[in-house]
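The structure under discussion appears below in the form of C-alpha coordinates.
The values are calculated or read from the model by the stated rules, or taken from the named source; none is laboratory data. What you see is a predicted model, and the numbers here were worked out from it, not measured in a lab. Cβ: placed from backbone, ideal geometry, glycine included. Neighbour counts: every protein chain shown. With ligands, DNA and RNA removed, areas are computed over all heavy atoms of the protein, side chains included. Shrake-Rupley method; radii C 1.70, N 1.55, O 1.52, S 1.80 Å.
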Amino acid sequence: MRDHDEPHANPILARDADCPPGEVETPAFVIHEDAVMANLEKTLVACGGPARLMPHVKTHRAPWVVAALRRAGIETFKTATVAEVEMVARCGAKNVTLAYPTVNPANVARFIRCAAANPGTTFVGMVDSEHGLGVWRTQLDTAPHNILMRVDLDPAFGRTGAPMTEVAVDLARGLHEMRRFLGWHLYDGHVHGSLAERRARVAAEAEAVRGLDARLAAFGISGDLVAGGSYTFDLWPAEGARFVSPGSWTYSSAMHDRDLGNLAWKPAAFVLSTVISAYDGTVTLDAGSKAIAPDKPLKTRFPVDGEICLMSEEHAVLRTAGLAVGDRVLLVPEHACTTAYLYDRAWVRGRDGAWEVRAQLGSAR
(Lines give C-alpha, C1' and ligand atoms only; values in the text may rest on other atoms or scores of the structure.)
Protein backbone atom coordinates (compact mmCIF):
# COMPACT_ATOMS: atom_id res chain seq x y z
CA MET A 1 0.00 0.00 0.00
CA ARG A 2 1.10 3.55 -0.63
CA ASP A 3 1.34 6.08 2.17
CA HIS A 4 -0.63 9.32 2.10
CA ASP A 5 -0.85 12.39 4.31
CA GLU A 6 -4.52 13.17 3.58
CA PRO A 7 -6.65 10.01 3.54
CA HIS A 8 -9.84 11.93 2.83
CA ALA A 9 -8.86 14.38 0.09
CA ASN A 10 -9.56 12.24 -3.01
CA PRO A 11 -9.92 8.60 -4.03
CA ILE A 12 -6.66 7.07 -2.82
CA LEU A 13 -4.99 3.73 -2.56
CA ALA A 14 -6.29 2.32 0.69
CA ARG A 15 -3.77 2.16 3.52
CA ASP A 16 -3.87 -0.87 5.80
CA ALA A 17 -4.57 1.32 8.84
CA ASP A 18 -7.57 2.95 7.16
CA CYS A 19 -9.26 -0.21 5.91
CA PRO A 20 -10.66 -3.35 7.52
CA PRO A 21 -8.21 -6.24 7.54
CA GLY A 22 -8.40 -9.39 5.45
CA GLU A 23 -10.81 -10.15 2.67
CA VAL A 24 -13.63 -7.59 2.63
CA GLU A 25 -16.26 -7.51 -0.09
CA THR A 26 -16.56 -4.21 -1.90
CA PRO A 27 -18.21 -1.79 -2.03
CA ALA A 28 -18.18 -1.52 1.76
CA PHE A 29 -19.09 1.27 4.16
CA VAL A 30 -16.15 2.20 6.38
CA ILE A 31 -16.27 4.41 9.49
CA HIS A 32 -13.43 5.83 11.58
CA GLU A 33 -14.80 6.24 15.10
CA ASP A 34 -11.99 8.51 16.23
CA ALA A 35 -13.07 11.05 13.60
CA VAL A 36 -16.71 10.76 14.69
CA MET A 37 -15.77 11.56 18.28
CA ALA A 38 -13.49 14.42 17.22
CA ASN A 39 -16.41 15.86 15.26
CA LEU A 40 -18.61 15.52 18.33
CA GLU A 41 -16.17 17.47 20.48
CA LYS A 42 -16.02 20.30 17.92
CA THR A 43 -19.81 20.35 17.54
CA LEU A 44 -20.39 20.53 21.29
CA VAL A 45 -18.09 23.53 21.53
CA ALA A 46 -19.79 25.22 18.58
CA CYS A 47 -23.34 24.75 19.89
CA GLY A 48 -22.79 25.30 23.62
CA GLY A 49 -22.80 21.80 25.09
CA PRO A 50 -24.70 18.49 25.11
CA ALA A 51 -27.88 19.91 26.64
CA ARG A 52 -28.41 22.09 23.55
CA LEU A 53 -27.48 19.60 20.83
CA MET A 54 -30.27 17.61 19.16
CA PRO A 55 -28.38 15.53 16.58
CA HIS A 56 -30.19 14.25 13.51
CA VAL A 57 -30.24 10.45 13.41
CA LYS A 58 -30.95 10.24 9.67
CA THR A 59 -27.34 11.17 9.01
CA HIS A 60 -25.99 7.84 10.34
CA ARG A 61 -28.93 5.55 11.29
CA ALA A 62 -26.59 3.64 13.60
CA PRO A 63 -27.47 2.50 17.15
CA TRP A 64 -23.81 2.54 18.20
CA VAL A 65 -23.61 6.25 17.32
CA VAL A 66 -26.70 7.00 19.42
CA ALA A 67 -25.12 5.08 22.31
CA ALA A 68 -21.87 7.03 21.95
CA LEU A 69 -23.73 10.35 21.94
CA ARG A 70 -25.69 9.36 25.02
CA ARG A 71 -22.43 8.59 26.83
CA ALA A 72 -21.42 12.16 25.98
CA GLY A 73 -24.52 13.47 27.76
CA ILE A 74 -26.87 13.91 24.77
CA GLU A 75 -30.45 12.73 25.38
CA THR A 76 -32.47 14.55 22.69
CA PHE A 77 -32.50 13.22 19.13
CA LYS A 78 -34.18 14.20 15.87
CA THR A 79 -35.34 11.64 13.32
CA ALA A 80 -36.85 11.53 9.84
CA THR A 81 -38.69 8.18 9.92
CA VAL A 82 -40.61 6.12 12.45
CA ALA A 83 -37.98 3.37 12.08
CA GLU A 84 -35.41 5.85 13.39
CA VAL A 85 -37.77 6.81 16.23
CA GLU A 86 -38.03 3.16 17.22
CA MET A 87 -34.26 2.70 17.05
CA VAL A 88 -33.59 5.71 19.29
CA ALA A 89 -36.19 4.47 21.76
CA ARG A 90 -34.52 1.04 21.86
CA CYS A 91 -31.27 2.81 22.69
CA GLY A 92 -32.93 4.29 25.80
CA ALA A 93 -32.78 7.98 24.88
CA LYS A 94 -34.98 10.31 26.93
CA ASN A 95 -36.37 12.42 24.08
CA VAL A 96 -36.94 11.74 20.37
CA THR A 97 -38.53 14.02 17.78
CA LEU A 98 -40.04 12.89 14.48
CA ALA A 99 -39.06 15.97 12.48
CA TYR A 100 -41.34 15.12 9.60
CA PRO A 101 -44.92 16.39 9.50
CA THR A 102 -46.50 13.12 8.43
CA VAL A 103 -50.24 13.09 7.81
CA ASN A 104 -50.41 9.36 7.12
CA PRO A 105 -52.65 7.75 9.77
CA ALA A 106 -50.69 4.48 9.69
CA ASN A 107 -47.41 6.29 10.34
CA VAL A 108 -48.97 8.25 13.18
CA ALA A 109 -50.40 5.06 14.70
CA ARG A 110 -47.00 3.35 14.55
CA PHE A 111 -45.41 6.37 16.25
CA ILE A 112 -48.02 6.23 19.02
CA ARG A 113 -47.50 2.49 19.53
CA CYS A 114 -43.79 3.13 20.00
CA ALA A 115 -44.54 5.82 22.58
CA ALA A 116 -46.88 3.49 24.45
CA ALA A 117 -44.19 0.81 24.56
CA ASN A 118 -41.57 3.24 25.92
CA PRO A 119 -43.19 5.30 28.70
CA GLY A 120 -39.82 6.55 29.97
CA THR A 121 -39.13 8.45 26.73
CA THR A 122 -40.76 11.68 25.55
CA PHE A 123 -41.90 11.48 21.92
CA VAL A 124 -42.44 14.61 19.85
CA GLY A 125 -44.45 14.77 16.63
CA MET A 126 -44.86 17.54 14.07
CA VAL A 127 -47.63 19.33 12.19
CA ASP A 128 -47.58 22.04 9.53
CA SER A 129 -51.20 22.06 8.32
CA GLU A 130 -54.78 21.94 9.55
CA HIS A 131 -55.13 18.57 7.85
CA GLY A 132 -52.15 17.20 9.78
CA LEU A 133 -53.49 18.68 12.99
CA GLY A 134 -56.77 16.84 12.43
CA VAL A 135 -55.04 13.51 11.77
CA TRP A 136 -52.94 13.78 14.92
CA ARG A 137 -55.86 15.08 17.03
CA THR A 138 -57.97 12.04 16.16
CA GLN A 139 -55.32 9.57 17.27
CA LEU A 140 -53.91 11.54 20.20
CA ASP A 141 -57.27 11.60 21.98
CA THR A 142 -56.48 8.23 23.56
CA ALA A 143 -52.68 8.30 23.22
CA PRO A 144 -50.25 8.21 26.15
CA HIS A 145 -49.18 11.46 27.78
CA ASN A 146 -45.51 11.09 26.80
CA ILE A 147 -46.33 12.48 23.34
CA LEU A 148 -45.93 16.20 22.67
CA MET A 149 -46.07 18.16 19.43
CA ARG A 150 -44.28 20.95 17.59
CA VAL A 151 -45.34 23.21 14.74
CA ASP A 152 -42.95 22.91 11.81
CA LEU A 153 -42.13 26.35 10.35
CA ASP A 154 -41.10 27.20 6.80
CA PRO A 155 -38.26 29.78 6.70
CA ALA A 156 -38.75 30.20 2.92
CA PHE A 157 -37.27 26.77 2.21
CA GLY A 158 -40.42 25.70 0.41
CA ARG A 159 -40.30 22.06 1.45
CA THR A 160 -42.30 21.49 4.63
CA GLY A 161 -43.45 23.84 7.34
CA ALA A 162 -46.27 26.25 8.01
CA PRO A 163 -45.94 29.89 6.92
CA MET A 164 -44.52 32.03 9.71
CA THR A 165 -47.82 33.90 10.00
CA GLU A 166 -51.12 33.52 11.83
CA VAL A 167 -51.30 30.09 10.18
CA ALA A 168 -48.51 28.85 12.48
CA VAL A 169 -50.05 30.60 15.49
CA ASP A 170 -53.41 28.91 14.88
CA LEU A 171 -51.73 25.49 14.68
CA ALA A 172 -49.91 26.14 17.94
CA ARG A 173 -53.18 27.15 19.58
CA GLY A 174 -54.78 23.95 18.35
CA LEU A 175 -52.01 21.84 19.87
CA HIS A 176 -52.23 23.85 23.10
CA GLU A 177 -55.93 23.05 23.35
CA MET A 178 -54.94 19.38 23.15
CA ARG A 179 -52.38 19.98 25.95
CA ARG A 180 -49.66 18.77 23.59
CA PHE A 181 -47.90 21.95 22.39
CA LEU A 182 -44.15 21.96 23.05
CA GLY A 183 -42.89 24.59 20.64
CA TRP A 184 -41.58 25.30 17.15
CA HIS A 185 -39.29 23.49 14.74
CA LEU A 186 -37.38 25.37 12.02
CA TYR A 187 -34.98 23.76 9.57
CA ASP A 188 -33.11 26.17 7.29
CA GLY A 189 -31.13 23.70 5.21
CA HIS A 190 -31.44 25.98 2.18
CA VAL A 191 -29.24 28.63 3.81
CA HIS A 192 -25.69 28.43 2.44
CA GLY A 193 -23.28 31.10 1.27
CA SER A 194 -20.68 33.08 3.19
CA LEU A 195 -20.61 33.27 6.97
CA ALA A 196 -21.93 36.84 6.81
CA GLU A 197 -24.79 35.81 4.53
CA ARG A 198 -25.74 32.90 6.75
CA ARG A 199 -25.56 35.04 9.88
CA ALA A 200 -27.90 37.61 8.32
CA ARG A 201 -30.42 34.93 7.29
CA VAL A 202 -30.44 33.41 10.78
CA ALA A 203 -30.96 36.82 12.36
CA ALA A 204 -34.00 37.39 10.14
CA GLU A 205 -35.41 33.95 10.96
CA ALA A 206 -34.88 34.46 14.68
CA GLU A 207 -36.72 37.79 14.49
CA ALA A 208 -39.65 36.10 12.74
CA VAL A 209 -39.85 33.45 15.48
CA ARG A 210 -39.81 36.16 18.15
CA GLY A 211 -42.83 37.65 16.40
CA LEU A 212 -44.66 34.34 16.59
CA ASP A 213 -43.75 34.00 20.27
CA ALA A 214 -45.20 37.44 20.95
CA ARG A 215 -48.48 36.51 19.25
CA LEU A 216 -48.71 33.29 21.27
CA ALA A 217 -47.96 35.13 24.49
CA ALA A 218 -51.12 37.17 23.96
CA PHE A 219 -53.02 33.90 24.44
CA GLY A 220 -50.95 32.87 27.44
CA ILE A 221 -49.07 30.22 25.44
CA SER A 222 -45.31 29.69 25.25
CA GLY A 223 -43.01 27.16 23.66
CA ASP A 224 -39.36 26.60 22.81
CA LEU A 225 -37.56 26.27 19.47
CA VAL A 226 -35.50 23.62 17.68
CA ALA A 227 -33.57 25.30 14.87
CA GLY A 228 -30.67 25.12 12.48
CA GLY A 229 -28.85 22.67 10.27
CA SER A 230 -25.20 22.03 9.58
CA TYR A 231 -24.67 25.45 7.97
CA THR A 232 -26.49 27.52 10.61
CA PHE A 233 -26.61 25.72 13.97
CA ASP A 234 -23.65 27.62 15.42
CA LEU A 235 -25.20 30.98 14.45
CA TRP A 236 -28.52 30.61 16.28
CA PRO A 237 -28.63 32.64 19.51
CA ALA A 238 -28.98 30.52 22.63
CA GLU A 239 -31.73 32.77 23.96
CA GLY A 240 -33.76 32.07 20.83
CA ALA A 241 -33.20 28.37 20.15
CA ARG A 242 -33.25 25.94 23.04
CA PHE A 243 -31.97 23.18 20.74
CA VAL A 244 -29.96 23.18 17.53
CA SER A 245 -29.88 20.18 15.22
CA PRO A 246 -26.92 19.98 12.84
CA GLY A 247 -27.06 16.82 10.82
CA SER A 248 -24.17 15.23 9.03
CA TRP A 249 -21.40 16.46 11.31
CA THR A 250 -21.38 12.87 12.61
CA TYR A 251 -19.62 11.54 9.53
CA SER A 252 -19.08 14.91 7.84
CA SER A 253 -18.52 14.72 4.06
CA ALA A 254 -16.59 16.11 1.15
CA MET A 255 -19.15 18.93 1.00
CA HIS A 256 -18.52 20.01 4.58
CA ASP A 257 -14.79 19.52 4.20
CA ARG A 258 -14.98 22.12 1.45
CA ASP A 259 -17.65 24.54 2.73
CA LEU A 260 -17.35 24.53 6.54
CA GLY A 261 -13.62 24.54 7.17
CA ASN A 262 -14.08 26.80 10.20
CA LEU A 263 -15.75 23.92 12.07
CA ALA A 264 -12.79 21.59 11.38
CA TRP A 265 -14.97 18.51 11.02
CA LYS A 266 -13.19 15.43 9.69
CA PRO A 267 -14.71 13.10 7.10
CA ALA A 268 -15.34 9.90 9.05
CA ALA A 269 -17.31 7.83 6.51
CA PHE A 270 -15.87 6.27 3.38
CA VAL A 271 -16.83 3.80 0.68
CA LEU A 272 -14.19 1.16 0.10
CA SER A 273 -14.11 0.20 -3.57
CA THR A 274 -11.96 -1.93 -5.87
CA VAL A 275 -10.62 -1.02 -9.30
CA ILE A 276 -12.01 -3.81 -11.46
CA SER A 277 -11.03 -2.66 -14.94
CA ALA A 278 -8.84 -0.20 -16.84
CA TYR A 279 -9.16 1.00 -20.41
CA ASP A 280 -7.66 3.84 -22.45
CA GLY A 281 -6.91 6.21 -19.57
CA THR A 282 -9.95 5.33 -17.47
CA VAL A 283 -10.53 2.96 -14.56
CA THR A 284 -13.76 1.34 -13.43
CA LEU A 285 -14.67 0.96 -9.75
CA ASP A 286 -17.21 -1.46 -8.29
CA ALA A 287 -19.04 1.42 -6.55
CA GLY A 288 -21.92 2.96 -8.49
CA SER A 289 -25.08 4.84 -7.60
CA LYS A 290 -26.15 2.03 -5.25
CA ALA A 291 -22.99 2.62 -3.23
CA ILE A 292 -22.40 6.35 -2.79
CA ALA A 293 -24.27 9.69 -2.62
CA PRO A 294 -27.00 8.97 -5.19
CA ASP A 295 -28.74 12.31 -4.51
CA LYS A 296 -25.80 14.37 -5.77
CA PRO A 297 -24.99 15.24 -9.39
CA LEU A 298 -22.92 12.60 -11.14
CA LYS A 299 -19.74 14.67 -11.38
CA THR A 300 -19.68 15.53 -7.67
CA ARG A 301 -20.63 12.33 -5.85
CA PHE A 302 -17.11 12.05 -4.49
CA PRO A 303 -13.90 14.08 -5.02
CA VAL A 304 -11.50 12.78 -7.64
CA ASP A 305 -8.25 13.96 -9.17
CA GLY A 306 -9.66 13.91 -12.67
CA GLU A 307 -13.26 13.26 -13.65
CA ILE A 308 -16.17 10.96 -12.95
CA CYS A 309 -17.16 10.03 -16.50
CA LEU A 310 -20.00 7.62 -15.86
CA MET A 311 -21.90 6.00 -13.01
CA SER A 312 -24.32 3.11 -13.35
CA GLU A 313 -25.96 1.20 -10.51
CA GLU A 314 -22.87 -0.92 -9.85
CA HIS A 315 -19.95 0.91 -11.51
CA ALA A 316 -18.14 4.24 -11.63
CA VAL A 317 -15.82 5.09 -14.50
CA LEU A 318 -13.09 7.61 -13.66
CA ARG A 319 -10.56 9.41 -15.80
CA THR A 320 -7.67 9.62 -13.35
CA ALA A 321 -4.05 8.61 -13.02
CA GLY A 322 -2.21 6.34 -10.62
CA LEU A 323 -4.74 3.53 -10.20
CA ALA A 324 -4.46 -0.02 -11.50
CA VAL A 325 -6.72 -3.07 -11.62
CA GLY A 326 -6.95 -4.65 -8.17
CA ASP A 327 -6.25 -1.45 -6.21
CA ARG A 328 -8.56 -0.67 -3.32
CA VAL A 329 -9.59 2.96 -2.91
CA LEU A 330 -11.38 4.96 -0.24
CA LEU A 331 -14.05 7.32 -1.59
CA VAL A 332 -15.33 10.31 0.42
CA PRO A 333 -19.06 10.83 -0.18
CA GLU A 334 -20.21 14.30 -1.17
CA HIS A 335 -23.22 13.50 1.01
CA ALA A 336 -22.64 10.99 3.80
CA CYS A 337 -26.31 10.81 4.88
CA THR A 338 -27.61 9.26 1.68
CA THR A 339 -24.57 6.99 1.55
CA ALA A 340 -25.21 5.60 5.04
CA TYR A 341 -28.79 4.88 3.97
CA LEU A 342 -27.47 2.37 1.40
CA TYR A 343 -25.82 0.05 3.95
CA ASP A 344 -27.24 -2.07 6.78
CA ARG A 345 -23.80 -2.58 8.32
CA ALA A 346 -20.48 -0.79 8.44
CA TRP A 347 -16.88 -1.70 9.07
CA VAL A 348 -15.94 0.51 12.01
CA ARG A 349 -12.42 1.19 13.20
CA GLY A 350 -12.86 1.70 16.93
CA ARG A 351 -10.97 4.23 18.98
CA ASP A 352 -8.62 1.44 20.05
CA GLY A 353 -7.75 0.72 16.42
CA ALA A 354 -9.62 -2.60 16.29
CA TRP A 355 -12.11 -3.27 13.49
CA GLU A 356 -15.60 -4.68 13.86
CA VAL A 357 -18.81 -4.85 11.85
CA ARG A 358 -21.61 -2.78 13.38
CA ALA A 359 -25.26 -2.74 12.36
CA GLN A 360 -27.21 0.26 11.10
CA LEU A 361 -30.72 0.68 9.75
CA GLY A 362 -29.78 0.89 6.09
CA SER A 363 -32.92 1.58 4.04
CA ALA A 364 -35.36 0.29 6.69
CA ARG A 365 -38.34 2.59 7.08
For T26, state whether it is over 17 Å from the mean Cα position of the chain (by Cα), open to solvent by less than 30 Å² (accessible area, probe 1.4 Å) and polar (S, T, N, Q). no
Segment 119-144 - residue that is among the β-branched types (V, I, T) and modelled with pLDDT of 95 or more and, of those, nearest to A172 (Cα to Cα): V127
In segment 292-318, residue most open to solvent (accessible area, probe 1.4 Å) [restricted to those that are more than 15 Å from A28 (Cα to Cα) and assigned to a strand (DSSP E or B)]: L310
Selected residue (criterion: farthest from D305 (Cα to Cα)) from residues of segment 218-253 that are open to solvent by less than 10 Å² (accessible area, probe 1.4 Å) and not in a loop (DSSP other than H, G, I, E, B): L225
Of everything in segment 155-166 that's at pLDDT 95 or above and in contact with a helix residue (DSSP H, G or I) (Cβ under 9 Å, 6 or more places away or on another chain), which residue is least open to solvent (accessible area, probe 1.4 Å)? A162
Residues (crowded, with 16+ Cβ neighbours inside 10 Å and either aromatic (F, W, Y) or free of Cβ contacts under 8 Å to residues at least 60 places away in the same chain (or both)) located in segment 179-198: R180, F181, L182, G183, W184, L186, Y187, D188, V191, R198
Can you find even one residue in segment 349-358 that is open to solvent by less than 30 Å² (accessible area, probe 1.4 Å), under 21 Å from H32 (Cβ atoms) and in a loop (DSSP other than H, G, I, E, B)? yes
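Taking V304, is it among the hydrophobic types (A, V, I, L, M, F, W, C), over 22 Å from A346 (Cβ atoms) and in contact with an Asp or Glu (Cβ under 9 Å, 6 or more places away or on another chain)?
In short, no.
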Take S273 and decide whether it is in a strand (DSSP E or B), hydroxyl-bearing (S, T, Y) and touching a Pro at 6+ places or on another chain (Cβ under 9 Å). yes
Report every pair of residues separated by at least 6 positions or lying on different chains whose Cβ atoms are under 9 Å apart, first residue within segment 343-365 and free of Cβ contacts under 8 Å to residues at least 12 places away in the same chain, second of a type in the set (G, A, S) and open to solvent by less than 50 Å² (accessible area, probe 1.4 Å). E356/G350
Quick test for you: out of A321, A264, A268, A278, pick the one residue that is open to solvent by 30 Å² or more (accessible area, probe 1.4 Å) and in contact with a helix residue (DSSP H, G or I) (Cβ under 6 Å, 6 or more places away or on another chain). A264
